[in-house]
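The values are calculated or read from the model by the stated rules, or taken from the named source; none is laboratory data. Everything numeric in this text was worked out from a predicted model, so none of it was measured. Here the Cβ positions follow ideal geometry from the backbone for every residue, glycine too, while neighbour counts run over all protein chains shown.
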Amino acid sequence: MARINLLPWREERRKLRNRQAQTLFASVAVAAVLAVVLVMVQYDRVIEGQLQRNRLLEQEITTVDRQIKEIEGFEEERARLLSRKQIIEQLQANRSMMVHLFDEMARTIPEGVRLTSIKQSGLQLALEGAAESNARVSEYMKRLEGSEWMDNADLQISEAKGADARGRFVFTLRVDLRKVDGEDGEADEAAVAAGGGGS
């Protein structure tokens, strides 16, 4: 005998499918929420790690800046000390050079010539004086050219003035100083008045 199912099976099957679909959607939604939460947690960890690295870098940068300032201070102090050292060396060299220079000038000045003024500017001397004749001035220039400490004697002025036979010709010479045996002749402006001459 044939059995006839009179129950609403289609409706039951539809409800079952709806429940399965809702379960699937809920599972997917939960999975999506969990994925989003995991991603956010991971991002938070990455951001926190980066923030820690940034703080560490800022601390290191501050330390390096402080060290750079200290180094700059050391370099400035070193430059000041080197400048003082150079000044002291120049003063030592100039002190020795002036002794040699005055000794050399006393030896090179010929008879009949006397100096009235000596001015130094760096490595150049300006010599002013009086002579009995132009020949005496020329002889003085030759002696300066042959000097170990002076060179390039250049006559600026030579003119006859006054009736005094011993100082009839007034002259102005410029002469360069030589560096001898490591002497450094660079000096500040110096002016020395000399009243005596050669015998």
Quiz item: Can you spot a residue in the stretch 108-115 that is in contact with a helix residue (DSSP H, G or I) (Cβ under 7 Å, 6 or more places away or on another chain), under 15 Å from Leu177 (Cβ atoms) and not in a loop (DSSP other than H, G, I, E, B)?
Solution: yes
Quiz item: From the list Glu89, Glu70, Glu111, Glu75, which one is over 30 Å from Arg168 (Cα atoms), in contact (Cβ under 8 Å) with a residue 60 or more places away in the chain, charged (D, E, K, R) and exposed (fewer than 15 other Cβ atoms within 10 Å of the Cβ)?
Solution: Glu89
Quiz item: Any residue at all in the stretch 169-185 that is loosely packed, with under 15 Cβ neighbours inside 10 Å, under 40 Å from the mean Cα position of the chain (by Cα) and modelled with pLDDT of 80 or more?
Solution: no
Quiz item: Can you tell me which residue in the stretch 121-138 is farthest from Asn152 (Cα to Cα), limited to those that are among the polar types (S, T, N, Q) and in contact with an Asp or Glu (Cβ under 7 Å, 6 or more places away or on another chain)?
Solution: Ser121
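For residues that are under 15 Å from Ile157 (Cβ atoms) and not small (Gly, Ala, Ser), scanning just the stretch 106-120, find the one that is farthest from the chain's Cα centre (by Cα).
Val113
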Self-check item: Residue list for the stretch 139-161, restricted to those being exposed (fewer than 15 other Cβ atoms within 10 Å of the Cβ) and at pLDDT 85 or above
Solution: Lys142
